[in-house]
Amino acid sequence: MSPPSFVRLAGHPLRWQLLSELGRSDRQVRELCALIGRPQSLVSYHLGRLRTEQLVSMRRSSADRRDAYYSLDLARCAGLLTATASALHPGLRLARAPSSRRRRRAGGARPRVLFLCTGNSARSQMAEALVEHLSEGAIDVLSAGSHPKPLHPNAARVMRERGIDIAGRRSKHLGEFTRQPFDYVISLCDRVREVCPEFPDRPDLVHWSIADPAREGDTDAQTYPAFERTATELATRIPFLLERIEQTTFSQEVT
């Protein structure tokens, strides 16, 4: 019996390195080459293998269309890992460990997260609201933009349909927060990543290359499907972010 395809694919040392790096942040090819110390031709080949199996996707940069960002589909990886464990033995089905966010929220300072995009009118506001909701307030989360614009009505609408009210929230300039310490600074826009300033205490810098949904049409009706897709992508990524924050915080408490 042959091993599951995920084992054969991810078991290659270079592909495992690529998956590990993309699990931390979306990356360009040249960044991956620098991180793992391999030539672009080889990195591109293995990225192609991962894309064929739909573990990794590619999106053209909104800052420079000549560049592209690669993203890891963590939800698909989780499903394939579960199937792989079950294929070895039914008793090995992976189960999520119970969350300890409530305990840590009562016991110490909350981890701090800042989401950035250009206008702070849609993506970063939605991400901020989702983290607040899904973490049950265990994360001190904020959002800002390099060129703030009023909250987009479709952002409020798509969040309202998920039971989250963000109507009336203020758009903020990232300059309001550059002297504040954060544990994670997450850019959601390729353009704002290019101008992201330095923050105190060297936070973990993460990039999620997410297209601006407001650019997907000329009217609110035309752009609303893009806002729904953006909300879905954020709602898929953010639980994995919360698990990462939780594990990091737990490790720091133990040591």
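The values are calculated or read from the model by the stated rules, or taken from the named source; none is laboratory data. Computed from a predicted structure; not experimentally measured. Every residue, glycine as well, gets a Cβ built from its backbone with ideal geometry; the counts of neighbours run over all protein chains shown. Only protein heavy atoms, including side chains, enter the accessible area calculation; ligands, DNA and RNA are left aside. Shrake-Rupley method; radii C 1.70, N 1.55, O 1.52, S 1.80 Å.
Write out, first by first residue and then by second, each pair whose Cβ atoms fall under 6 Å of each other, whose residues are 6+ apart or on separate chains, and whose first residue, in region 21-34, is closer than 16 Å to C77 by Cβ while the second is among the small types (G, A, S).
Matching pairs, first to second residue: D26/S71; D26/S209.
Given the criteria surrounded by fewer than 18 Cβ atoms within 10 Å (Cβ to Cβ) and closer than 17 Å to R123 by Cα, does A221 qualify?
Answer is no for this residue.
For region 166-189, check the following and say yes or no: at least one residue is closer than 24 Å to D26 by Cα, touching a residue at least 12 places away in the same chain (Cβ under 8 Å), in contact with a Pro (Cβ under 9 Å, 6 or more places away or on another chain) and hydroxyl-bearing (S, T, Y).
yes
Would you pick out the residues in region 224-233 that are among the hydroxyl-bearing types (S, T, Y) and surrounded by 13 or more Cβ atoms within 10 Å (Cβ to Cβ)?
Once the filter is applied, which keeps residues that are among the hydroxyl-bearing types (S, T, Y) and surrounded by 13 or more Cβ atoms within 10 Å (Cβ to Cβ), region 224-233 yields Y224, T230.
Looking at region 144-162 only, could you name the residues that are under 24 Å from L242 (Cα atoms) and within 21 Å of the chain's Cα centre (by Cα)?
A144, G145, A155, A156, V158, M159, R162, listed by residue number.
What number of residues within region 14-61 are open to solvent by 40 Å² or more (accessible area, probe 1.4 Å) and in contact with a Lys or Arg (Cβ under 8 Å, 6 or more places away or on another chain)?
6
Would you confirm, using the coordinates I've provided, whether V158 is among the hydrophobic types (A, V, I, L, M, F, W, C), touching a helix residue (DSSP H, G or I) at 6+ places or on another chain (Cβ under 9 Å) and farther than 26 Å from Q28 by Cβ?
The answer is yes for V158.
Counting just the residues of region 201-215 that are within 19 Å of I245 (Cβ to Cβ) and modelled with pLDDT under 95, which one comes out most open to solvent (accessible area, probe 1.4 Å)?
R202
Mind checking which helices (runs of 4 or more DSSP H) fall wholly inside region 1-63 and carry at least 2 residues that are out of contact with any strand residue (DSSP E or B) (no Cβ under 6 Å at 6 or more places or on another chain) and at pLDDT below 95?
Working: elements: 5-10, 13-24, 29-36, 40-52.
Result: 5-10.
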